[in-house]
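Visitor: What follows is a single structure, and I will ask about it in a moment.
The values are calculated or read from the model by the stated rules, or taken from the named source; none is laboratory data. Values in this document were obtained by computation on a predicted structure and should not be read as measured data. Backbone-built Cβ (ideal geometry, glycine too); neighbour counts: all protein chains shown. Protein only, heavy atoms only, side chains kept; ligands, DNA and RNA dropped before computing areas. Shrake-Rupley method; radii C 1.70, N 1.55, O 1.52, S 1.80 Å.
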Amino acid sequence: IVDLARDVPLARMSAREALVAIGGPAVPALTEALANPIRHVRWEAAKALGQIGDPAAAEALVRALEDEIFGVRWLAAEGLIAVGRQGLKPLLQALIQRSDSDWLRQGAHHVLHELARAGLEEVRPVLAALEDIEPSIDVPPAARTALDALK
């Protein structure tokens, strides 16, 4: 984890690959790294979590959908896609609570679009609400309905 902060890109990549090889046991440290003030640490952590695909990272990946760095947001969305259905609960809860966040809605759209393409029909109404004229208003009830359907 410490090596993710190094100035040498090759060292960071090597550290990320080692963390991915560790897999699930590395997830708590990587989710903590998603809050690091150094942007490339957050980027590397998001990339590693996406490659690991552990549902335990879902909440942290949802929070990272609102990172100030586009690359971190993109990798967080890709990570949630890798997690799949098991990452939906925290994503839908975030949409219910913070539907006014443009970055959250953009990331959620990417995730839900890919999951819908993969056949997860429960997310289609939320996807439609995200594409509507007033998503900050239309998304929370659609997300609540989808969340209830997942239970």
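Visitor: Name the pairs whose Cβ atoms lie under 7 Å apart, with the first residue in the stretch 17-39 and open to solvent by 80 Å² or more (accessible area, probe 1.4 Å), the second of a type in the set (A, V, I, L, M), and 6 or more positions between them or separate chains?
Guide: So the pair list comes out as ARG39/ILE69.
Visitor: Report whether or not GLU122 is in contact with a helix residue (DSSP H, G or I) (Cβ under 8 Å, 6 or more places away or on another chain), assigned to a helix (DSSP H, G or I), at pLDDT below 95 and of a type in the set (Asp, Glu).
Guide: Working: in contact with a helix residue (DSSP H, G or I) (Cβ under 8 Å, 6 or more places away or on another chain): yes; assigned to a helix (DSSP H, G or I): yes; at pLDDT below 95: yes; of a type in the set (Asp, Glu): yes.
The answer is yes for GLU122.
Visitor: Out of curiosity, is ARG144 at pLDDT 95 or above, open to solvent by 50 Å² or more (accessible area, probe 1.4 Å) and either out of contact with any Cys (no Cβ under 6 Å at 6 or more places or on another chain) or not β-branched (Val, Ile, Thr) (or both)?
Guide: Yes: the conditions hold for ARG144.
Visitor: Filter the stretch 117-130 for residues that are surrounded by 14 or more Cβ atoms within 10 Å (Cβ to Cβ) and either more than 16 Å from LEU80 (Cβ to Cβ) or in contact (Cβ under 8 Å) with a residue 24 or more places away in the chain (or both) and give the result.
Guide: Matches in the stretch 117-130: LEU120, GLU122, VAL123, ARG124, PRO125, VAL126, ALA128, ALA129, LEU130.
Visitor: Return the residues of the stretch 108-141 that are closer than 22 Å to ALA64 by Cα, out of contact with any Asp or Glu (no Cβ under 8 Å at 6 or more places or on another chain) and of a type in the set (Gly, Ala, Ser); say none if nothing qualifies.
Guide: Answer for the stretch 108-141, where residues must be closer than 22 Å to ALA64 by Cα, out of contact with any Asp or Glu (no Cβ under 8 Å at 6 or more places or on another chain) and of a type in the set (Gly, Ala, Ser): ALA108, ALA116.
Visitor: All but one of (1) open to solvent by 40 Å² or more (accessible area, probe 1.4 Å); (2) under 27 Å from ASP138 (Cβ atoms); (3) without any contact (Cβ under 8 Å) to a residue 40 or more places away in the chain hold for GLY79, so report the exception by its number.
Guide: Tallying (1) open to solvent by 40 Å² or more (accessible area, probe 1.4 Å); (2) under 27 Å from ASP138 (Cβ atoms); (3) without any contact (Cβ under 8 Å) to a residue 40 or more places away in the chain, GLY79 fails exactly one: (1).
Visitor: Quick one: which of ALA64, ALA94, ALA60, ALA56 is over 21 Å from ALA118 (Cα atoms), surrounded by fewer than 20 Cβ atoms within 10 Å (Cβ to Cβ) and modelled with pLDDT of 95 or more?
Guide: Only one candidate passes the filter, namely ALA56.
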